[in-house]
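Participant: Could you have a look at this structure, given as structure tokens, before my questions?
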Amino acid sequence: MFDIGSSLREARTRQDLDFPELEQLTKIRPKYLRALEDEQFEVLPAPTYVRGFLRSYAEALGLDGQPFVDEYNSRFAVGEEDIPVRTRRAPQPRRDRSRRESHMVALALLGIAIVFALVIAAWRFGGPEPEQVPGLNVQGQNPTAPSATRGRAVLLVRASAGGSWMEVRAGSASGRLLYSGTLEQGQSKRFVAQTLQLALAKPANVLVRLNGKSASLPDGTAFVVTSRRIVPSTS
């Protein structure tokens with residue numbers, strides 16, 4: 001057993017991240033991220049969203065999201081999705097069949113209405129843009145499949161010993177420009193992509209973290225960054 005909220009908060013503060021940065025990364029509104037850290041799960045629309053948000057938030061911080069989902073299920077979600085056991089009744093006369101079928105149709109329509117209301121409520125809570133729920137399982141999908149954030153490089157660059165000009169591109173050296181400018185002392189920038197191209201005028205002036213862990217820059221001024229390592233660029 002571990003504390004869900006304090007574990008998330010400690011990982012966030014250790015990486016010096018704020019909620020606006022994490023909102024861009026996870027597409028989850030800051031008030032929901034705070035609710036996860038405070039373990040105020042009743043603020044979220046439904047238990048299914050809690051599980052998805054926990055998985056997405058943990059993996060955005062470089063953590064394994066499954067233990068957080070398992071801990072939530074064991075401590076907070078017991079009995080939430082239990083299916084009530086219906087008492088088995090003796091066969092009814094044929095003349096009551098139509099009444100029973102009408103009752104079943106009414107229950108089915110009520111269930112559809114409840115599901116529709118939950119969808120509308122979730123959309124309204126989420127604001128004008130739909131929030132992504134990477135951990136939400138859909139019938140026919142493998143619940144153990146890796147989430148979309150795995151395999152991506154989460155790079156944090158901080159100017160600690162002085163300023164440095166910096167350029168970051170997604171993919172190749174000719175890929176989409178993510179940032180170009182001078183990173184002043186004390187400033188930091190965060191980037192997420194499958195592969196990043198990093199160029200620095202003064203590499204000695206900066207500190208970098210890759211997927212939440214401190215990383216060393218090799219010799220040179222141009223680098224290729226993946227989720228596993230940082231190597232010199234050959235281009």
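Read-outs: derived from the displayed coordinates by stated rules, not from any lab. Note that the structure is a prediction, hence the values are computed from the model and not measured. A quick note on method: Cβ atoms are made from the backbone with ideal geometry, for glycine too, and the neighbour counts reach across all protein chains shown.
Participant: What strands (runs of 3 or more DSSP E) completely inside the range 172-235 contain at least 1 residues that are touching a residue at least 60 places away in the same chain (Cβ under 8 Å), in contact with a strand residue (DSSP E or B) (Cβ under 8 Å, 6 or more places away or on another chain) and buried (at least 16 other Cβ atoms within 10 Å of the Cβ)?
Facilitator: Working: elements: 177-183, 188-193, 196-200, 206-210, 213-215, 222-225, 230-232.
Strands (runs of 3 or more DSSP E) meeting the threshold: 188-193, 206-210, 222-225.
Participant: Being surrounded by fewer than 21 Cβ atoms within 10 Å (Cβ to Cβ) and among the acidic types (Asp, Glu) is the filter; apply it to the range 38-64 and report the residue that is nearest to the chain's Cα centre (by Cα).
Facilitator: My answer is ASP64.
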